[in-house]
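Asks: The structure is given below, and queries will be raised subsequently.
Quick note: the coordinates plus some simple rules give every number you see, no bench work behind them. Just so it is clear, the model here is predicted, and its values are computed rather than measured. All Cβ positions, even for glycine, are placed from backbone atoms using ideal geometry, and neighbour counts span all protein chains on display.
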Amino acid sequence: MPVPGLGGLWSDLSDLVLPAGCAGCGARAPGLRQGFCPRCVTELESLRPAPTRPDPAPPGLPPCVALGPYGGALREGLLAYKERGRHGLARPLGALLAEVVAAAAGPRGPVTLVAVPDTARAARSRYGDHMERLVRPAVGRLRAAGWPVRVLRPLRALPRPDSVELDSAGRAAAAEAAFRLRRSAPPVGAVVLLDDIVTTGATLAAVSRMLRGAGMPPKAAAVLAATQKRRRR
């Protein structure tokens with residue numbers, strides 16, 4: 001069931017007819033809702049936030065909650081948003097992220113959101129930090145549902161290699177040197193880390209250890225998608 005208080009994810013979103021087609025399946029048809037066709041809207045609405053954990057999990061990784069596996073309309077929507085310039089998808093994806101935050105934070109109360117920041121290079125290539133764009137609609141939906149929300153940006157991302165080119169050990173090593181703390185206001189309530197995808201968990205674990213050392217221990221991490229480990233035959 002959806003988290004009480006947040007309401008239907010799509011009930012307040014107007015239909016848009018976009019020439020780019022559905023972000024989830026590529027269908028070029030009328031009736032798109034914020035970039036998704038009715039079939040993909042149904043698929044996304046069927047997803048429910050649930051605990052997830054990489055295997056093996058890196059030291060320091062907080063409990064993680066994901067909307068769903070990295071596949072189908074969710075995967076294609078994230079790729080369209082991040083890599084294909086479909087910035088308008090921030091609104092529906094941010095609404096979905098709000099559901100995950102509510103599930104990760106537990107009983108309704110004050111929550112502080114800390115998103116994993118983009119590097120300067122990635123932000124330039126995407127015309128802005130992709131997580132910041134998702135956070136804005138997520139915060140709006142949470143506040144409308146009565147959640148006291150604070151957003152902090154205590155981290156600066158340093159240049160690092162593309163994680164796609166790295167194995168698990170390489171991701172862990174890169175994550176350890178990927179961020180720098182900067183001055184920030186104190187958190188209020190539960191601290192929830194935000195990212196779009198969790199794969200090995202190395203980045204979230206490194207960020208969590210850094211925040212914990214600064215007196216801001218995360219209660220959980222909320223992500224939209226979790227990659228699934230392929231089984232060897």
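Asks: Would you mind computing, in nm to one decimal, how far apart the modelled labels at R150 and V188 are, each placed 7 Å from Cα along Cα→Cβ?
Replies: 0.6 nm
Asks: Now for a different question. What does the charge count near E83 come to, summing +1 for each Lys or Arg and -1 for each Asp or Glu among other residues with Cβ under 11 Å from its Cβ? Could you put the intermediate results ahead of the total?
Replies: Values: positive: K82, R84, R86, R126; negative: E76.
Within the 11 Å Cβ shell, the charges total +3.
Asks: Compute the length gained on full extension between E83 and R143: take 0.36 nm times their separation in residues and subtract their Cα-Cα distance, giving the result in nm to one decimal.
Replies: Gain in length upon complete extension: 18.7 nm.
Asks: Testing the spin-label approximation: label points 7 Å from Cα along Cα→Cβ at R180 and S46. State their distance in nm.
Replies: So the label points at R180 and S46 sit 4.7 nm apart.
Asks: How long is the gain from R53 to R108 if the chain were fully straight, where each residue apart is worth 0.36 nm and the alpha carbon distance is subtracted? Present the calculation step by step, with values, prior to reporting the outcome.
Replies: Numbers: separation 55, 0.36 × 55 = 19.80 nm, distance 2.35 nm.
The R53-R108 span can extend by a further 17.4 nm.
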